1. With the contact rule set at Cα under 8 Å and sequence spacing of 6 or more, what percent relative contact order holds for region 57-134?
2. With θ set to phi - 60°, apply the Karplus curve 6.51 cos²θ - 1.76 cosθ + 1.60 along region 181-190 and write out the HN-Hα couplings as whole Hz, x wherever there is a Gly or Pro.
3. For the residues 155, 150, what sequence is obtained by ranking on other C-beta atoms within 10 Å, fewest first?
4. Once both labels are modelled 7 Å past Cα along the beta-carbon direction, what's the residue 303-residue 2 spacing in nm?
5. Please report, to two decimal places, log10 I(q)/I(0) for region 222-303 at q = 0.15 Å⁻¹ as given by the Debye formula with identical point scatterers on the Cα atoms and no solvent.
6. Separation of region 268-335 and region 44-73 by C-alpha centroid, Å?
7. So, in nm, how far is label residue 33 from label residue 155 when the simple model puts each one 7 Å beyond its Cα toward the Cβ?
8. Using a simple spin-label model with points 7 Å from Cα along the Cα→Cβ vector, what separation in nm is obtained for residue 214 and residue 110?
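Just so you know, all these numbers are worked out from the coordinates, no wet-lab data involved. The structure presented is a predicted model; accordingly, all values stated were derived computationally and were not measured. Note that each Cβ is placed from the backbone with ideal geometry, even for glycine, and that neighbours are counted across all protein chains shown.
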Amino acid sequence: MRQPLTILGGGLAGLALGIGLRQQNVPVTIHEAGQYPRHRVCGEFVSGRGQQFLERLGLGQALANAGAVPARTIVLGSTRYISNAQPLPVPALCLSRWQMDARLADEFRRLGGDLQAGRRLDPSQVGEGWVRASGRRPAATAGLRWFGLKIHARKVPLTADLEMHFSPMGYVGLCRIENDEVNVCGLFRRETAEATGPTDARQLLLGLPGSPLHQRLARATFDDQSFCAVAGLSLQPVRAAVRPEVCIGDAVTMIPPVTGNGMSMAFESAELAVAPLVAWSQGECSWPEARREIARRCDQQFARRLFWARQLQTVLLTVPLQSPLMALAGQAPWFLRMAFARTR
Ligand SMILES: Cc1cc2nc3c(=O)[nH]c(=O)nc-3n(C[C@H](O)[C@H](O)[C@H](O)COP(=O)(O)OP(=O)(O)OC[C@H]3O[C@@H](n4cnc5c(N)ncnc54)[C@H](O)[C@@H]3O)c2cc1C
């Protein structure tokens with residue numbers, strides 16, 4: 001007889017964990033506030049070790065059938081400069097969250113998981129037998145505020161599978177996804193007291209007039225249904241060991257999105273949690289022991305990456321450095337290779 005587990009949050013981390021546990025015959029219920037399919041603010045670019053966990057879960061074919069496309073090349077741009085296309089050090093997988101979350105939810109249900117969608121639960125009830133996979137924790141809004149926007153578009157002439165355009169406000173990524181669509185996703189910052197700047201959030205995604213980004217999107221047609229926004233993002237790294245509950249994915253800590261590695265961390269943390277949770281479910285360890293082991297594994301795997309991701313984000317968002325850095329990245333493949341190696 002195995003003890004059942006409950007997961008708060010049916011995003012990527014919660015669903016991947018649920019699938020991993022069902023494959024070991026653990027009874028699992030996931031509570032998800034939203035419904036599937038749904039749009040999420042995300043660059044929709046999966047890069048890093050989490051891709052291998054998706055393969056190990058046997059999801060590669062389902063995601064390919066849903067239209068996942070590989071990304072093999074990247075260009076980097078500022079408001080004045082755009083680099084040549086470079087090969088990505090490791091190819092990435094690109095699929096809308098509309099498809100990705102729904103395919104994972106289907107697989108969880110197919111394996112006999114109980115998915116309760118459409119009701120937000122109080123996170124304070126997370127205790128023994130519960131895993132918190134409820135995504136980012138909203139941050140206080142003093143000082144710099146970070147917010148994200150996303151929309152899907154067509155008729156966007158890209159010169160690489162992924163384009164990253166940096167500006168004084170933040171950056172916008174353009175990424176090819178399924179059905180010849182392009183994901184247009186940006187992370188922006190604004191001082192709490194700042195009252196200037198576009199009031200139409202979508203204008204931010206279009207870039208400054210005259211910039212390479214603005215030119216790319218000049219003739220684009222947008223899928224208004226896909227537009228979404230998220231605010232109150234905390235980009236301060238947090239150690240899993242200080243969290244009182246079992247947490248995975250962004251609920252532990254959020255890696256700066258500029259790395260394109262948050263989804264991978266969600267999948268990786270789910271994989272790291274499977275064995276300790278199966279051991280608890282079989283009565284082989286106590287809940288505090290399982291919690292400590294999951295936190296230890298996560299901190300060991302992520303602490304160094306979170307440190308480097310923070311340095312990378314600071315450098316890339318330092319406005320006077322943006323054009324020289326984009327030029328360097330376009331001419332010196334070691335720069336991209338180093339940035340990838342340090343954050344993955
Ligand atoms: C602007 C931006 C761009 C990004 N681009 C990329 C990228 O290109 N590549 C990449 O790898 N990562 C990217 N990320 C990060 C990535 O989106 C996250 O790291 C990833 O979604 C984390 O997965 P998760 O399952 O932890 O959280 P989520 O995907 O946020 O899922 C959490 C789930 O929990 C549910 N939930 C929350 N509270 C409750 C509650 N009380 N009751 C019930 N359900 C609840 C939510 O509805 C949600 O479905 C980006 C992030 C941002 C902000």
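1. Working: 53 pairs, mean separation 18.5, N = 78.
Result for region 57-134 is 24 percent.
2. Each residue's phi maps through the Karplus curve to give 9, 10, 7, 10, 9, x, 10, 10, 10, 8 Hz.
3. Ranked by crowding around the Cβ, least crowded first: 155, 150.
4. 3.1 nm
5. -0.59
6. Value for the Cα centre distance between the two parts: 19 Å.
7. 3.6 nm
8. Reported label-point gap for residue 214 and residue 110 is 4.7 nm.
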